[in-house]
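Engineer: Here's a structure for you.
The values are calculated or read from the model by the stated rules, or taken from the named source; none is laboratory data. Treat the numbers as computed from the prediction; the structure is a model and nothing was measured. With ideal geometry, Cβ positions are generated from the backbone for all residues, glycine too; neighbour counts draw on all protein chains shown. Please note that ligands, DNA and RNA were not included when accessible areas were found on the heavy atoms of the full protein model with its side chains. Shrake-Rupley method; radii C 1.70, N 1.55, O 1.52, S 1.80 Å.
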Amino acid sequence: MKIFELLSSHGHERLAFHHDSATGLKAMIAIHSTVLGNALGGTRRWAYNDESEAIRDVLRLSEGMTYKSAAADLPMGGAKSVIIARGGQHANEAEARAMGRFVDTFGGTYIAAEDVGVNTQYCDWMALETPHIMGGETVSHGGDPSPYTSLGCFNGMKACLKHLGRKVDFSGLTVAIQGVGATGFKLAKLCKDAGAKIKATDVNKSALDRAVKELGVEAIEDGAALLTAKCDILAPCALGGVLDHPAIERLQCQIVCGTANNQLLHPNDDGMHLKVRNILYGPDFVVNAGGLIRLAGLHLGMSEAEIDRKVEAIEQTTLTVLKEAAHAPSAHDAAVAYAKRRIESGRANKRAVTAG
Ligand code: NAD
C-alpha cells in the first residue's frame, strides 16, 4: 500500500498511527484538512479485516468530515480516528484512556467524539486523559447529538419538498425510514408529528416494536421491501452504502433524504443514477450535519440560539445545493463542490492574512 500516494490523492494532511503496549490499543488518527480550523470527528471502533481496510476507512471518513464541516459553515476542518478492535475484546476504560492520550498528543488540532462502536461512556473515559473530546455524557461535552441530527435532516426534507415545488406540508406524505435507532426514531417522530404516515424497518426487533408502540409506525419486517416501498420520502437512517445501482433502479420514492453517512455506495455513479431516475437526493453530509453542528458549536463556544440557527440553516444550504445540482452531474457532486468552494475561500482568506 502506497500510503503517501493515498494521502496526496485526496489532499490529506496527516495520518498518525499509535500502539499502546499496555492495553494493546492499535489506533489511527487522520487529519484531512485544517484549512478552516481544528478538526472534529468521531472515533470508530471496528473489527477491521486488516490494517489497509482501517487506513482506507479513516482516510475516507476524515475527508467526509471536511466537507460536512465546510458545508455547515463551521470554522472547522475534517478528521476522524479509528481503533482496530480485536475479536472478542470489549471496549474498556484502560483502552479508552490510552486512546484519549493519543488524541491529546494533537494538542487540540483533533477533537474526538462518538462514532460506531464508541458511546458516550467511552468518550467520558477518553476525556479523563484529554480535554479534546466532545460527545461524552458525564463530562457535559454535549451529550447525545442525535436529536440535532434528526432535526437537521427534517429541515433537509423541507428543502427537498420546496425544491420540487411541493407544499411543505407533511400531512398526506408517506415517509419510509430504514433504521429507527437514535436518529431514525427521532426523525420518525418529527415527521409523524408533522402529519406524515411512517413506514419503518429495523433489523433490531425491539427498536422496531418501540417505534410501532410509541409512534404508531407501520412496521415493514422485510428490509428490502422498505427500500422499494411506494413513498414520498425514503430516509436511510442505518448503514452507509445502501444505495447502489440495483437498489436505485428499484426505488419508488420521489426524494431520498436520511441521516445515514455515505448512503451512496459509489457516490459519483449512484448520484448520477438518482438524477437520471428523477429522484431528488438530499446529500447526506449536508442534511445530517445537525449533530456535528451541535458538538462543534459547543466546542467553539456558540450559544444555544446560534446552534439552533445553524441547524435551521441546513434547509437553506440544502436548497442552494439542490439548485446548483441542476448544472452538476448530481446532487452529491454539487454538495462536494459547494463545500470545496468554502474551503478554498477559507484558504484564500488565510493567505491574505499571512501576506498582510
Ligand atoms: P443507531 O445505531 O442508534 O441506529 C441505527 C439503527 O439502524 C439501529 O436500530 C439498527 O438496528 C438499525 N439497522 C442496522 N442495520 C440495518 C439494516 N440493514 N436495516 C434496517 N435497520 C438497520 O445509529 P444512529 O446514531 O441513528 O445513526 C444512524 C446513521 O446515521 C449512521 O449511518 C450514522 O453514521 C449516521 N449519523 C448519525 C449521527 C448521530 O448524531 N447519531 C450523526 C450523523 C450521521
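Engineer: Which condition number does Gly216 fail, the rest of (1) closer than 14 Å to Met157 by Cα; (2) surrounded by fewer than 20 Cβ atoms within 10 Å (Cβ to Cβ); (3) of a type outside the set (Phe, Trp, Tyr) being met?
Structural biologist: Result: Gly216 passes all but (1).
Engineer: So, in region 168-190, how many residues would count as being open to solvent by less than 30 Å² (accessible area, probe 1.4 Å) and without any contact (Cβ under 8 Å) to a residue 40 or more places away in the chain?
Structural biologist: Residues in region 168-190 being open to solvent by less than 30 Å² (accessible area, probe 1.4 Å) and without any contact (Cβ under 8 Å) to a residue 40 or more places away in the chain: 3 in total.
Engineer: Could you list, in sequence order, the residues of region 246-260 that are touching a residue at least 12 places away in the same chain (Cβ under 8 Å) and open to solvent by 60 Å² or more (accessible area, probe 1.4 Å)?
Structural biologist: Glu249, Arg250, Gln252, Gln254
Engineer: Scan region 75-101 residue by residue and report those that are open to solvent by less than 10 Å² (accessible area, probe 1.4 Å), assigned to a helix (DSSP H, G or I) and hydrophobic (A, V, I, L, M, F, W, C).
Structural biologist: Within region 75-101, Ala96, Ala98, Met99 qualify.
Engineer: Tell me whether region 179-191 contains one or more residues that are more than 15 Å from the ligand (Cβ to nearest atom), at pLDDT 95 or above and not in a helix (DSSP H, G or I).
Structural biologist: So far as region 179-191 goes, no, none of its residues is more than 15 Å from the ligand (Cβ to nearest atom), at pLDDT 95 or above and not in a helix (DSSP H, G or I).
Engineer: A further question on this structure: Mind listing whichever residues of region 192-204 are charged (D, E, K, R) and more than 9 Å from the ligand (Cβ to nearest atom)?
Structural biologist: Result: Lys192, Asp193, Lys197, Lys199.
Engineer: Working carefully through the options Leu265, Leu298, Leu274, find the one that is within 16 Å of the ligand (Cβ to nearest atom), free of Cβ contacts under 8 Å to residues at least 60 places away in the same chain and either over 22 Å from Met157 (Cβ atoms) or in contact with a Leu (Cβ under 8 Å, 6 or more places away or on another chain) (or both). Give the steps one after another, and end with the answer.
Structural biologist: Working: Leu298 fails: free of Cβ contacts under 8 Å to residues at least 60 places away in the same chain; Leu274 fails: within 16 Å of the ligand (Cβ to nearest atom).
None of the others qualify; the one that does is Leu265.
Engineer: Then there's this: Starting from region 105-125, take each residue that is among the hydrophobic types (A, V, I, L, M, F, W, C) and list its partners that are in a loop (DSSP other than H, G, I, E, B) and more than 16 Å from the ligand (Cβ to nearest atom), counting only C-beta distances under 6 angstrom and pairs at least six apart or across chains.
Structural biologist: Ile111/His132
Engineer: Across region 284-295, what is the number of residues that are assigned to a helix (DSSP H, G or I), closer than 24 Å to Ile133 by Cβ and of a type outside the set (Lys, Arg)?
Structural biologist: Here the count works out to 6.
Engineer: Another one. Given the criterion touching a Gly at 6+ places or on another chain (Cβ under 9 Å) and either assigned by TED's automatic domain parsing to the domain that holds Gly258 or assigned to a helix (DSSP H, G or I) (or both), identify the matching residue among Leu319, Leu298.
Structural biologist: Within the list Leu319, Leu298, the selection yields Leu298.
Engineer: Filter region 156-167 down to the residues that are buried (at least 24 other Cβ atoms within 10 Å of the Cβ), out of contact with any Pro (no Cβ under 9 Å at 6 or more places or on another chain) and either of a type in the set (Gly, Ala, Ser) or farther than 22 Å from Leu251 by Cβ (or both) and list them by number.
Structural biologist: Ala159
Engineer: Just to verify a result, which residue in region 230-283, among those that are outside any loop (DSSP other than H, G, I, E, B) and among the basic types (Lys, Arg), is farthest from Ile177 (Cα to Cα)?
Structural biologist: Of all residues in region 230-283, those outside any loop (DSSP other than H, G, I, E, B) come to 233-236, 243, 245-250, 255-256, 264, 267-276, 280-281.
Okay, now just the ones that are also among the basic types (Lys, Arg), so 250, 275.
Working: Arg250: 16, Lys275: 21 Å.
Among those that are outside any loop (DSSP other than H, G, I, E, B) and among the basic types (Lys, Arg), it is Lys275.
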